[in-house]
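What follows is calculated from the coordinates using simple rules that are stated; it is not laboratory data. Worth saying up front: this structure is predicted, and the values here are computed from it rather than measured. Heads up, the Cβs are rebuilt from the backbone with ideal geometry, glycines too, and the neighbour counts pull from every protein chain shown.
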Amino acid sequence: MFDVDRYLSVLRSEKLKRAVNIQNEIIQSSRDFLRQQGFVEILPVIISPITDPLTDYRIRGEIECYGFTYQITKSMIFHKQISLHSLARIFSFSPNIRIEPSERQESGKHLVEFVQLDLEVRDASREDVVKLGEELLIFVLEHIKADCREDLEFFKRDLKIPKAPFPSLSHEEALQAFGKDYEAPLSRRLEEPLWLLDFPMDEREFYDREYPDRAGILKDMDLIYPEGYGEALSGGEREFEPEKIKKRIELKGIDLRSYDIYLKFAEKGLFPSAGFGIGVERLTRYICGLERIEETRLFAKLPGILGL
Ligand code: ASP
Ligand code: MG
């Protein structure tokens, strides 16, 4: 059942207003930063014949239009790669729909509908975008710390500005230290953000690039927030050679025909590139020090629960 009174009390709360104010500053300052770095903002894509497979999610969001089937965007990964024919450095505030398993409503960090600041850089390496991610995060945190003092005081949040380069750990090292469910225990232990590098192929989607000299290991990364806030972003270098992409799709057990259009673009030539997507609501949660992700935005939709 939909509880309108509960919704109204959340909408009218001081907490939500303050969080949304901080979110506005996150959006404004990251946009300023990226434009200073020569990036161009592109408008988001909501429906397309192709989207991120995210094989984790069994349910596909689809709509029928004019007899075609469009996928509802899970991420703009392929549009980011294809955009590089037009512009060398792009970003978008991209709404994503991910129909998460209902159990994830408890996690405090999963929304069915969220926005990621998604960017991609032509001819860049993973190291280039790691550095960019550090500069972006530091820029945003410094801006919020200087210009949102009252809001941070309201949240009793003493925001620490990390120093670049951030520490890093390989995925293998994280597994050895914390086991399969490494993210939460690792994040709780951290006092500053940390890069997790080099995921194995079966943990990731087909588009992250395999090291040329390390079979099965990818040149990719996640950023993990400290204090238990968990994953901030995912990204990496991309596969761009059609034969490799085809091999990777097949290894995932995905029917090549479902990526027919993307493969045609790959055959015409994609650029080597790297990029990442950072969740706007998760960044808001971290900056405000909030318990739960639904406290960071209007009309939050939790897995398994009817939202507005
Ligand atoms: N597509 C990735 C995601 O949505 C982000 C990226 O690799 O750029 O998690
Ligand atoms: Mg991720």
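Extension gain, residue 131 to residue 4, is 41.3 nm, computed as 0.36 nm per intervening residue step minus the present C-alpha separation. The mean sequence distance of close C-alpha pairs (under 8 Å, at least 6 residues apart), as a share of the length of the chain, puts its relative contact order at 22 percent.
Estimated from helices alone, the mean residue ellipticity of the chain at 222 nm is -10500 deg cm²/dmol (sum of -39500 (n - 2.57) over DSSP H runs with n ≥ 4, per residue). Each of 88, 115, 129 was placed along the dipole of region 74-132 (beta-carbon charges, centred on the mean Cα), and the one lying farthest toward the positive end is 88. Where the centre of each part is set by its Cα atoms, how far does region 233-249 sit from region 1-58, in angstrom? Their Cα centres are 27 Å away from one another.
Please tell me the relative contact order of region 1-114 in percent, rounded to the nearest whole number, where contacts are Cα pairs under 8 Å and at least six residues apart. It would help to have the intermediate numbers written out before the result.
Values: 120 pairs, mean separation 26.4, N = 114.
Once normalised by length, the contact order is 23 percent.
Projecting label points 7 angstrom from Cα along Cα→Cβ for residue 158 and residue 68 puts them 5.5 nm apart.
Rounded to the nearest 0.05, what FRET efficiency do residue 215 and residue 13 give with R0 = 30 Å and r taken as the Cβ-Cβ distance? Could you check? After rounding, the FRET efficiency stands at 0.05.
With a ≥ b ≥ c taken as the square roots of the eigenvalues of the C-alpha gyration tensor of region 163-207, please select rounded if a/c is under 1.5 and otherwise prolate if a/b is larger than b/c or oblate if it is not?
Working: a/c = 2.28, a/b = 1.34, b/c = 1.70.
Taking the square roots of the gyration eigenvalues as a ≥ b ≥ c, region 163-207 is oblate.
Excluding residues on the same chain fewer than 8 positions from residue 246, give the aspartates and glutamates whose Cα lies under 12 Å from its Cα. Excluding near neighbours in sequence, the set is 255, 260, 267.
Once both labels are positioned 7 Å from their Cα atoms along Cα-to-Cβ, the gap between residue 244 and residue 150 label points is 5.2 nm.
Ignoring lysines fewer than eight residues from residue 109 along the same chain, the ones with Cα atoms less than 22 angstrom from its Cα are 15, 17, 74, 156, 160, 180, 301.
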